[in-house]
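Okay, so here's the structure we're looking at.
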Amino acid sequence: MSSLEFEGKNVDKAVQMACDELNLTTDEIQYTVLSRGSSGIFGLGGAKNARIKVYLPEKSMESEPDADATMPPESVSEKPAPSDGPIAADDPSDGRHGPDSEENPLDLSREILQRIVEAITSDATIAVEETNGRILLNVTGGNAGALIGKKGQTLEAIQSLVDKIVNKHHRNEDRIRVQVDVEGYLATRKLNLEKLAQRLADKSKRIRKPISLGQMNGYDRRIVHLALKDDPEVKTKSRGEGYMRKLVIFPQKTNAHRQASQ
């Protein structure tokens with residue numbers, strides 16, 4: 001028993017494609033589902049087609065319509081022989097991205113972000129550039145507050161989503177770093193965190209007690225770590241588990257404090 005593989009947006013479409021190609025009904029076809037496919041992340045990218053393997057009895061391969069049997073060999077219209085590999089759907093309406101097509105990361109990142117932004121707000125524009133292997137996307141206009149969210153959580157989620165989709169389509173080994181900003185929020189956030197870190201570090205040194213900055217995402221924690229890494233009188237440490245860990249500033253004992261305590 002020979003077999004052929006077919007693809008479609010879902011299993012039903014793959015089966016229908018096989019029926020149309022082999023001139024069989026759904027009751028006559030025998031197949032195994034190789035992959036049920038996926039719609040991608042929020043349907044924005046990374047979609048995979050469903051794949052089935054159709055089994056063909058030898059007698060069905062040998063049987064020909066009566067009309068063709070009476071025709072001279074040169075009168076029979078030939079169809080391309082099925083390949084051994086998957087038969088790809090050519091219909092662009094099924095949302096399939098061919099395995100050999102790779103969209104430019106800049107264009108792909110802009111398109112993905114544009115769809116996300118349009119689902120949240122209107123009248124927003126996106127500027128994109130690439131610097132040192134990093135794609136920078138800046139959103140201006142629209143409802144900036146809705147795009148940023150509380151403590152930048154919505155913005156961080158958007159960036160993570162765009163990053164995952166872009167790198168899923170990117171075939172090179174080097175990972176592309178993607179950064180999404182809204183109205184220069186990240187630069188302002190960085191400056192405010194650096195000032196806060198220095199102020200709390202001074203307080204920790206003054207009262208000689210640890211001070212917690214509360215729950216922070218990884219981006220914010222890194223800013224504080226870097227802001228205080230060259231201060232010998234304090235050290236920073238992340239505590240807790242999960243997505244939003246806490247960051248604590250600890251006072252360090254300097255030589256003067258060690259001598260005073262002796």
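Bear in mind these aren't lab numbers, they're just calculated from the coordinates by the rules spelled out. It should be emphasised that the depicted structure is a prediction, and the values quoted were computed from it without experimental measurement. Note: ideal-geometry Cβ built from the backbone for every residue, glycine included; neighbour counts use all protein chains shown.
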Exercise. Looking at 205, 195, which one is more than 27 Å from residue 145 (Cα to Cα) and over 25 Å from the mean Cα position of the chain (by Cα)?
Worked result: 205
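Here are some residues: 127, 119. Which one is more than 18 Å from residue 189 (Cβ to Cβ), surrounded by fewer than 16 Cβ atoms within 10 Å (Cβ to Cβ) and either of a type in the set (Asp, Glu) or in contact with a strand residue (DSSP E or B) (Cβ under 7 Å, 6 or more places away or on another chain) (or both)? Show your work before the answer.
On the way: 119 fails: either of a type in the set (Asp, Glu) or in contact with a strand residue (DSSP E or B) (Cβ under 7 Å, 6 or more places away or on another chain) (or both).
After ruling out the rest, the residue left standing is 127.
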